[in-house]
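Okay, structure first, notes after.
Bear in mind these aren't lab numbers, they're just calculated from the coordinates by the rules spelled out. Computed from a prediction, not measured in an experiment: that's the story for all the values here. Here the Cβ is made from the backbone with ideal geometry for all residues, glycine too, and neighbour counts use every protein chain on show.
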Amino acid sequence: MHPLVAADAAGLQRLLHAREASATEITRAHLDRIAETDQHVSAFIRTLDQSALDHAGDIDRRLSDGDDVGALAGLPLALKDILCMKGVETTCGSRMLQHYRPPYDATVVRRLREADAIVVGKANMDEFAMGSSCENSAFFPTRNPWDLQRVPGGSSGGSVAAVAANDVPLGIGTDTGGSVRQPAALCGVVGVKPTYGLVSRFGLIAFASSLDQVGPIARGVRDAALLLEVIAGHDPRDATSIPTEVPDLHTTLEAGVEGLRVGVVREFMGEGMSDGVRSVVTAAIDRLGALGAEVVDVSLPHAGYGVSAYYLIAPSECSSNLSRYDGVRYGLRVDGETTERMMASTREAGFGPEVKRRIMIGTYALSAGYYDAYYAQAQRVRTLIIRDYEAAYADCDVLVSPTSPTTAFKLGERAADPLAMYLSDVYTIPSNLAGAPALSLPVGLDDGGLPVGLQLMAPVLGEPVLFRAARALERELAIDSTPRGRGSLAEVAA
Amino acid sequence: MSAAPGASPPPPTAARDSGVEQASRFEAVIGLEVHVELNTATKMFCGCAIDFGGAPNVRTCPVCLGQPGSLPMINAKAVESAIRLGLALGCDIAPSSQFHRKNYFYPDMPKNYQISQYDVPICLGGELQVATAEGFRHVGITRVHMEEDTGKSLHVGTSGRIHGAEYSLVDYNRAGIPLLEVVSEPDLRSAEQARAYLAELRAIVLALGISDAKLEEGSMRCDANVSLRPVGHSVFGTRVEVKNMNSLRSLGRAIDYEVARQTDRLSSGQPVVQETRHWNEDSGTTSTLRAKEEVFDYRYFSDPDLVPVEPDSDWVQRLRAELVELPAARRNRYTAEHGLSPGTAALLQTSGLADRFDEAVAAGAVPADAAKWLTNEVAAWCNEHLIDSAGVPLSGAHLAELTRFVSDGTLSTKLAREVLEAVLAGEGSPGEVVAARGLAQISDTQALGAIVDTAIAQNPDAAQRVRDGNAKAIGALVGAVMRATKGQANPGLVNQLLQARLHQAGER
Amino acid sequence: MSLSTDDVRHVARLARLALSDQEVESLRGELSEILAYADKVSEVAAADVPPTSHAYPLRNVYRDDTPQPSLAADEATAAAPQAEDGRFRVPRIVEEP
């Protein structure tokens, strides 16, 4: 592949500021790469070639005038199609919003633009962020660059696959129950779910409001840190946004793990994961120990209830968040004789099966007579999980577990069994419930040559130690993140 | 059965025939839910300015249109208004309150949920003192909570009403405007009490300055819950919600009608159906809202986009200390300190001229005098000139001066009215007007005496009639003296002098 | 937890989803299974454990009562599936004509 496309973000920025490559050249190289790969991977719903080149040209002009450019200048980026971009179709992977153009920019989008990131395309996703495979997109499934017959994971499958395929060095996804981390693990890249409230949700099309977070995706920890520092920080338009400064992730990034206490979550190391995942993850944890970390065993006693609590809380919130899609003000409309019939027909046609399933679960869980047994009870479990984490962090600095119980599964393999699909998120969900940050780091390949991810977790606002631990292990393992092997993208697009 | 528009139809048959006997078997139990539209500069959850009139959908944004990805942000001023109203109603301010989502589908609801409050409202438990014919009544306030208003639908069809409409058109300018909902305990027992409650609540809202509270315009809205139960029973009967009453008068008529309707049903052995009924001003009846009988399942849950409201005690104390004098307290002060009758006190307070009264009394006016002038002549002048009483061009000091001129004899009441008109027209202070127009009442006995003599001489027949015992005939002589003095003679003194002259024959 | 067809239809009505008969039947099975699994939450967390609705404990987040620019009228209705005279048009609201 073209060297500009093989480089990481730090590398590209060096070239840009040394005037060895222009923003326009960098952008063109990546657009060419997308043209080559996307027929196989289908990571993008839409590419924004013209506006990307316009932005790149503007950056080049400013550079040659000696003017300032932003912290992400010249870096092509894939934006999950769930973040509002003014005037540009933002579909959320759904027929309901297939032609919808928001009248405003999400705060994250504004910050990316101000940092001069070059948004080259809107990435595919499971519809309304509901799914763990990207098969629930209303348009087409995205494929895993490591094996094009397998899923990339979801719901941020498109942005993750784009990064893994070297279409872009940076991606933005969202994580509600694991939707950045799980695809990152399945595609062998770094994916982060920040502390809840660290990144603004204004302009993020809501799935489950108390769980959704925007997260960075990159092929390396340093690049992910760079991206997170740009998008993080308080937003007065989001009442759940933490009034905190942008975290400093770079100062301690290379400090290593000597003396750091690493807790291995007992409940996440038991049954339910594949042998391949177990052996690769265990080996990675051992390496942390070899680097000087103090590796201990910890318990999150209620973690096993996370999936059940999540599949009450998330659908409940989503059933309400998705009520606005009714054919009146925007989006799809299927006519009816009465408003009620129009709304019901519109929603029936506009939403796919998984979305309908979750709306139904949520509506039921909140309905009269069931609220206390389901929704309120799930929130009590949430309290217990939060307490479990607090207790664990009294003795540890970071926690580790596998990110996903399996490596990438085949397209269609889990589509018929929703519950089996939901269980893909068993290790990732508890961090969403606790609002605490977590990161997936590629730590090796299983016997089938498919990527395995290690999940690292830290306390609320513990991003600095989270990134530091991940970076240390990344340096140590020196994983080659280029997809390769039988059935991979490398066979059809080098 | 046709009734003249505006007239109430005769009450249902059973009640009419059995009359008093039926009516007294049942006791009406009424609770009111009042929505107050706040006069904040912006909406409850977004920065759209609130202004009325203008084109549809020009005061909207992604938030109040419910666009994907939008998030609400609480208007601090609305919270402040809620706390102030709660304090004025004697409520407890919740140490922690939360917004909830009330989920239901309707085209005027941009998100198909309304952000409201459910089990932890900002204010709980208060009361209102309401003046009724039988004396004061304490009406409990259950709660006050904050919520957002919906958009407005225009129904297109032959009647412009929702029934029979072909389609509807929605304007979201109103969507998101802050509302305070005040829920009363079911402590009201008659239409009169309900009207008094609503009037008092309105007076408080106006005194606080948080809304213009116009029922006719919808900045204050009232729904009534009406049920009946046999006198002496404590269990509540089935209640009916009545909506669409746009004035105090409508409220009273609607409740009277509904009580009679329910009495009629119960008296003839039929149950009252729990439902929502719509008051029709023209026919003077309530009717079932024809929308399908649906038990709404609002699926309330705490809004994850909004964090709890926990006003700190310093803030609440400060608002409590700054609370304006409320209507009841003011009325009590007028009766207790200034000796006004309760009726006058109430009139003064509702006239909007109470501030002038306080100023006048502070400037030395006798309270009763100041009250009399304000509630009669000044109020009438405001009505006639369509001037809001708050803007009346009369200071309390000037009013005090005027009342002093009357009590010390400088001006007759008639002349004082003339002076008042002049002062209101901007001619200056009462003293300046009197001097400029030479209106000082003539009270000089000697000067008047001469004029009186002349009048008697010029009207011998009238004079004789008075001497003969016809007291009324003195009027002609008084009139003559007033004409001769251009109305400036002190009438009391004129009478006195005439009587003395006429009944002391032979004396000059 | 086993749902009946009526349960499913009732919930679909609340959620304004015009499900086909087939969907009602398949959802009946799926929802029953998922809710049975989710019911695990009843195994732990006694009623004295307070529910968490917000992961991060923020309080008193407000906005000043200062006007911000609104959308222009044509922007507001730009995405409307049907608009008339600057308003959003919907079919008749009540069931009977």
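What the table shows:
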quantity: Rounded to whole Å, sorted largest first: equivalent-ellipsoid semi-axes of chain A, Cα gyration tensor; calculated: 30, 29, 21
quantity: Size of electric dipole in chain B: Cβ of Lys, Arg +1 and of Asp, Glu -1, about Cα centre, debye, nearest 20; calculated: 1020
quantity: C:Ser26 paired with B:Ser341, simple spin-label distance in nm, labels 7 Å along Cα-to-beta-carbon; calculated: 8.1
quantity: Integer Hz, Karplus 6.51/-1.76/1.60 couplings in order for region B:82-94, x for Gly and Pro; calculated: 5, 5, 4, 5, x, 5, 5, 9, x, 7, 7, 8, 4
quantity: Subset of A:Lys193/B:Lys111; A:Lys122/A:Lys410; A:Lys122/A:Lys193; B:Lys102/B:Lys152; B:Lys414/B:Lys486; A:Lys86/B:Lys152 violating a 22 Å alpha-carbon distance limit; calculated: A:Lys193/B:Lys111; A:Lys122/A:Lys410; A:Lys86/B:Lys152
quantity: Kirkwood Rh in Å, taken over chain B so that all alpha-carbon pairs contribute; calculated: 27.4
quantity: Per-residue HN-Hα couplings for region C:54-64 [Karplus 6.51, -1.76, 1.60; θ = phi - 60°; Hz; x = Gly/Pro]; calculated: 10, 5, 10, x, 8, 9, 6, 9, 10, 10, 5
quantity: Rough spin-label spacing in nm, given labels placed 7 Å along Cα→Cβ, for B:Asn470 and B:Glu166; calculated: 7.9
quantity: Theoretical gain in end-to-end length, A:Asp54 to A:His2 [0.36 nm per residue, Cα-Cα removed]; calculated: 16.5 nm
quantity: Under the Karplus curve 6.51 cos²θ - 1.76 cosθ + 1.60, θ = phi - 60°, whole-Hz ³J(HN,Hα) for region A:231-245, x wherever Gly or Pro sits; calculated: 8, 7, x, 4, 10, x, 8, 10, 5, 9, 7, 6, x, 10, 6
quantity: Rg/Rh (Cα only; Kirkwood hydrodynamic radius) as it applies to region B:325-437; calculated: 0.96
quantity: Chain B: relative contact order as a whole-number percent, Cα under 8 Å and 6+ apart; calculated: 14
quantity: Residue-averaged beta-carbon neighbours from other chains (10 angstrom radius) around B:90-101; calculated: 1
quantity: Calculated on alpha-carbon atoms, Rg and Dmax of region B:5-302 in Å; calculated: 19.9, 62
quantity: Flagged links, alpha-carbon separation over 30 Å, of B:Lys43/B:Lys214; B:Lys77/B:Lys214; A:Lys80/B:Lys77; B:Lys243/B:Lys372; calculated: A:Lys80/B:Lys77; B:Lys243/B:Lys372
quantity: Within-14-Å neighbourhood charge of B:Ile210 [Cβ basis; K, R +1; D, E -1]; calculated: -2
quantity: Pairwise label distance in nanometres, A:Ala349 with A:Glu294, each label 7 Å out on the Cα-Cβ vector; calculated: 6.4
quantity: Any cysteine of chain B lacking a neighbouring Cys Cβ under 4.7 Å - listed by number; calculated: B:Cys46, B:Cys48, B:Cys61, B:Cys64, B:Cys222, B:Cys382
quantity: Modelled FRET efficiency - R0 51 Å, A:Glu337 with B:His138, Cβ distances, 0.05 increments; calculated: 0.50
quantity: Cα convex hull volume per residue for chain C (Å³); calculated: 257
quantity: Nonlocal amide H pairs with A:Thr244, under 5 Å, H built at 1.01 Å; calculated: A:His234
quantity: Residue-averaged 222 nm ellipticity for the protein assembly as shown, from DSSP H runs of 4+ at -39500 (n - 2.57), nearest 500; calculated: -11500 deg cm²/dmol
quantity: Förster-model FRET efficiency, 60 Å R0, B:Ala500 and B:Ala76, C-beta, rounded to 0.05; calculated: 0.20
quantity: Computed over chain A: relative contact order in percent, which uses C-alpha pairs under 8 Å that are six or more apart; calculated: 18
quantity: Mean separation of Cα contacts under 8 Å, 6 or more apart, over the residue count of region B:445-507: relative contact order %; calculated: 35
quantity: Alpha-carbon Rg with Dmax, taken over the protein assembly as shown, Å; calculated: 38.3, 144
quantity: Amide H partners (placed H, <5 Å) of B:Ala489, local residues excluded; calculated: B:Ile442
quantity: Measure of compaction for region A:63-150 (Cα Rg per 2.2 N^0.38 Å); calculated: 1.27
